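Enquirer: First, the structure itself, so that you have it in front of you.
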Amino acid sequence: MVNKKYLNIAIIGFMATGKTSLGKELSKKLNINFIDTDDLIEKKMKMTITDIFEKYGEKHFREIEKISVEEVSKLEKTLISFGGGVCLDPENIETIRKTSLVILLEARPDTILERTVNDKTRPLLEKKKKNIEKVMNKRKDSYYKAADIIIDTNNKSIIKIRDEIIGKLIEGEKYEIYKNKSK
Ligand code: S3P
């Protein structure tokens, strides 16, 4: 019987924890498809995330995000990188956990700040750079509730993080599951 929980791998975590870069590397290594929900939303709306926030506001963005969560959770053999706020909605967590092994990437607030110092593409971070720790703490519980595997990304390269995850998959006897899903 196919275990639906392991059809996909989901990467979650705060903004700038490296979800997209890691997702690309890990999916290549596992030879499975890769999708990023923010990219999907931008393509669908033909607008950047910043413009969506500016024109329609965060509430509307979350509605579009929720639809994308439902869509991508129907996929198989895919590594899905989610936007940092996806876990704010408990229904999203439930949907994601049904078909995905969930990997949470963590980083300290100073690491996030360092990585985003010249980045203007994250509307929420622009307003809250001084408050990263506060926002992070608010979200912590929902991230932990969603996660199967937690990875500390501080002072690590993407390749090191990728290999650490492969190690955890092997350790948890999950590597074969994803390897066997090769295209
Ligand atoms: C958000 C994170 C962003 C993007 C949007 C909102 C958040 O994605 O979805 O700007 O609320 O944390 P990244 O985590 O990929 O930056």
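Enquirer: What distance in nm separates the simple spin-label points at Glu164 and Glu54, each placed 7 Å from Cα in the Cβ direction?
Expert: 3.6
Enquirer: Using R₀ = 25 Å, calculate the FRET efficiency as 1/(1 + (r/R₀)^6) where r is the Cβ-Cβ separation of Asn31 and Asp89; round to 0.05.
Expert: The pair Asn31/Asp89 has a calculated efficiency of 0.20.
Enquirer: Run the paramagnetic zone check for Leu113: 7 angstrom along Cα to Cβ, then residues of segment 150-166 with backbone nitrogen under 19 Å.
Expert: 153-156
Enquirer: At a Förster radius of 30 Å, what calculated FRET efficiency corresponds to the Cβ-Cβ distance of Glu63 and Lys4, to the nearest 0.05?
Expert: Computed FRET efficiency for Glu63 and Lys4 comes out at 0.75.
Enquirer: With a/c under 1.5 counting as rounded, go ahead and sort segment 29-101 into rounded, prolate or oblate using the C-alpha gyration tensor (a ≥ b ≥ c being the square roots of the eigenvalues; past the cut-off, prolate if a/b is larger than b/c, else oblate).
Expert: oblate
Enquirer: Which of Lys28/Lys130; Lys74/Lys179; Lys98/Lys156; Lys98/Lys138; Lys19/Lys134 have a Cα-Cα distance over 26 Å?
Expert: Cα-Cα > 26 Å for Lys28/Lys130; Lys98/Lys156; rest within.
Enquirer: Further question: Can you compute the modelled spin-label distance between Ile150 and Lys130, with each label point 7 Å from Cα toward Cβ, in nm?
Expert: It is 3.0 nm.
Enquirer: Here's another thing I want to ask about it. For Lys24 and Ser157 in one chain, what is 0.36 nm times their gap in residues minus the Cα-Cα distance, to one decimal in nm?
Expert: Length gained between Lys24 and Ser157: 46.5 nm.
Enquirer: Right, here's the next one. Set the Förster distance to 30 Å, then compute FRET efficiency between Asp39 and Lys140 from the Cβ-Cβ distance, nearest 0.05.
Expert: 0.70
Values in this text are rule-based calculations from the coordinates and carry no lab data. Every value quoted in this text rests on a predicted model; they were computed, and no experiment measured them. When we count neighbours, we look across all protein chains shown, and the Cβ atoms used for this are built from the backbone with ideal geometry, even at glycine.
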